[in-house]
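Below is one structure, written out as structure tokens; the observations come after it.
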């Protein structure tokens with residue numbers, strides 16, 4: 001079942017899918033989003049395989065050749081959204097400080113077709129909110145007044161914001177072939193997502209490099225080149241950001257330190273103060289900068 005909840009003459013479209021078995025070509029029109037709310041969909045997009053599971057999404061455009069394969073005992077539920085090229089161009093040209101090349105990147109064969117976790121992007125968090133709204137309204141009922149043309153502008157703003165960073169990072173890679181750049185960028189983003197997911201486990205560099213599929217030496221060099229920090233610095237900073245959140249929730253310094261794998265509270269307190277300029281006890285009172 002594929003229900004069209006919104007469609008207009010500008011080729012903006014919002015569809016709700018609930019499918020157990022299918023193998024078919026699926027187009028991306030303008031700039032398209034395939035979001036999975038429950039279950040798993042397998043896409044073969046531009047000769048690359050993506051397993052898109054609940055809480056993740058795939059983006060593509062008119063140049064994306066894609067086949068979806070679903071074979072699940074329970075219906076896989078998700079959202080398919082197409083945002084017109086006109087809206088993307090409008091959003092890009094609105095702020096003065098946008099890079100002019102980003103429009104060409106988003107709407108050409110240069111787009112980095114890729115899978116993203118919803119918790120790691122602005123667009124993803126917006127999609128999660130939309131999915132919760134749909135669940136609250138019961139999937140088979142017409143969407144409320146929130147599903148109007150302005151929603152596509154909001155989604156476009158998130159896409160442009162997220163992809164400006166990808167565009168910026170991608171062009172730091174010094175490879176002549178765009179295909180090579182894309183593969184390396186996907187690998188680095190995958191490794192970064194893995195670090196974000198495993199903060200409490202404090203994964204080793206060997207584990208992270210293995211996830212990326214790049215040798216450890218080249219992974220360190222490329223990660224630093226693209227993200228301007230080493231994998232160790234990135235992981236340390238993200239773990240301390242998580243620690244700050246946990247302290248604000250009321251957890252004790254000892255509890256947070258042990259939960260993040262620090263040897264003792266003193267080592268954790270020193271690392272925390274080095275990053276935020278105040279000891280963790282002040283964070284508990286909401287006094288961090």
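The values are calculated or read from the model by the stated rules, or taken from the named source; none is laboratory data. As the structure is a computational prediction, the values presented were derived from the model and not from experiment. When we count neighbours, we look across all protein chains shown, and the Cβ atoms used for this are built from the backbone with ideal geometry, even at glycine.
In region 178-198, is there at least one residue being farther than 19 Å from residue 7 by Cα, in a helix (DSSP H, G or I) and touching a strand residue (DSSP E or B) at 6+ places or on another chain (Cβ under 6 Å)? The answer is yes, given that some residue of region 178-198 is farther than 19 Å from residue 7 by Cα, in a helix (DSSP H, G or I) and touching a strand residue (DSSP E or B) at 6+ places or on another chain (Cβ under 6 Å). Scanning region 197-219 for residues that are within 13 Å of residue 184 (Cα to Cα) and either surrounded by 19 or more Cβ atoms within 10 Å (Cβ to Cβ) or touching a helix residue (DSSP H, G or I) at 6+ places or on another chain (Cβ under 6 Å) (or both) yields a count of 6.
Scan region 32-59 for residues that are closer than 21 Å to residue 129 by Cα and assigned to a strand (DSSP E or B) and report the count. Residues that pass the stated criteria total 15.
Examine region 213-223 for a residue that is at pLDDT below 90, closer than 30 Å to residue 165 by Cβ and part of a helix (DSSP H, G or I), and state whether such a residue exists.
Start the filter on region 213-223 by keeping residues that are at pLDDT below 90, which leaves none.
Scanning region 213-223 turns up no residue that is at pLDDT below 90, closer than 30 Å to residue 165 by Cβ and part of a helix (DSSP H, G or I).
A single entry from 189, 151, 107, 127 fulfils the requirement of being at pLDDT 90 or above, within 25 Å of residue 15 (Cα to Cα) and crowded, with 20+ Cβ neighbours inside 10 Å: 127. For region 24-36, a residue qualifies if it is more than 15 Å from residue 62 (Cα to Cα) and crowded, with 22+ Cβ neighbours inside 10 Å, and the qualifying residues are 35, 36.
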